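The values are calculated or read from the model by the stated rules, or taken from the named source; none is laboratory data. All values reported here derive from a predicted model rather than from experimental measurement. Note: ideal-geometry Cβ built from the backbone for every residue, glycine included; neighbour counts use all protein chains shown. Ligands, DNA and RNA are excluded from the accessible area calculation, which covers all protein heavy atoms including side chains. Shrake-Rupley method; radii C 1.70, N 1.55, O 1.52, S 1.80 Å.
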Amino acid sequence: MLPKSYIVLKWTVYALATFFFFVLQYLVLGQVRVLGLTPFLYPVLPAVVAMFEGPRQGAVFALALGVLCDLLVPAP
């Protein structure tokens, strides 16, 4: 069993990486067009978390990220 401080630190790093991706998406990639499309990096985050944490924690993270994306991403 891992120490509680390690688990908290690990999920804090995941949260900071998510925040970094949100900032990167809005400030940089929102202005870039590749063949008329804007890059969308959010699906990469749950894939990486699921790869490191396993399917259950990855699914919970993906669900939370999906709700956050629906609330924050402007869509037509």
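Within region 34-47, not a single residue is open to solvent by 80 Å² or more (accessible area, probe 1.4 Å) and in a helix (DSSP H, G or I). Taking the criterion of being part of a helix (DSSP H, G or I) and open to solvent by less than 70 Å² (accessible area, probe 1.4 Å), the residues of region 48-67 that qualify are Val48, Val49, Ala50, Glu53, Gly58, Ala59, Phe61, Ala62, Ala64, Leu65, Gly66.
If you take the residues in region 10-33 that are open to solvent by less than 80 Å² (accessible area, probe 1.4 Å) and outside any helix (DSSP H, G or I), which one is modelled with the lowest pLDDT? The extreme case among them is Gly30. Taking interchain pairs and intrachain pairs at least six residues apart, which have beta carbon atoms under 8 angstrom, with the first residue in region 12-40 and farther than 17 Å from Glu53 by Cβ and aliphatic (A, V, I, L, M) and the second modelled with pLDDT under 85 and open to solvent by less than 60 Å² (accessible area, probe 1.4 Å)? Here the result reads Leu24/Leu41; Leu29/Thr38; Leu29/Pro39; Leu29/Leu41; Val32/Thr38; Val32/Pro39, each pair linking region 12-40 to a residue that is modelled with pLDDT under 85 and open to solvent by less than 60 Å² (accessible area, probe 1.4 Å).
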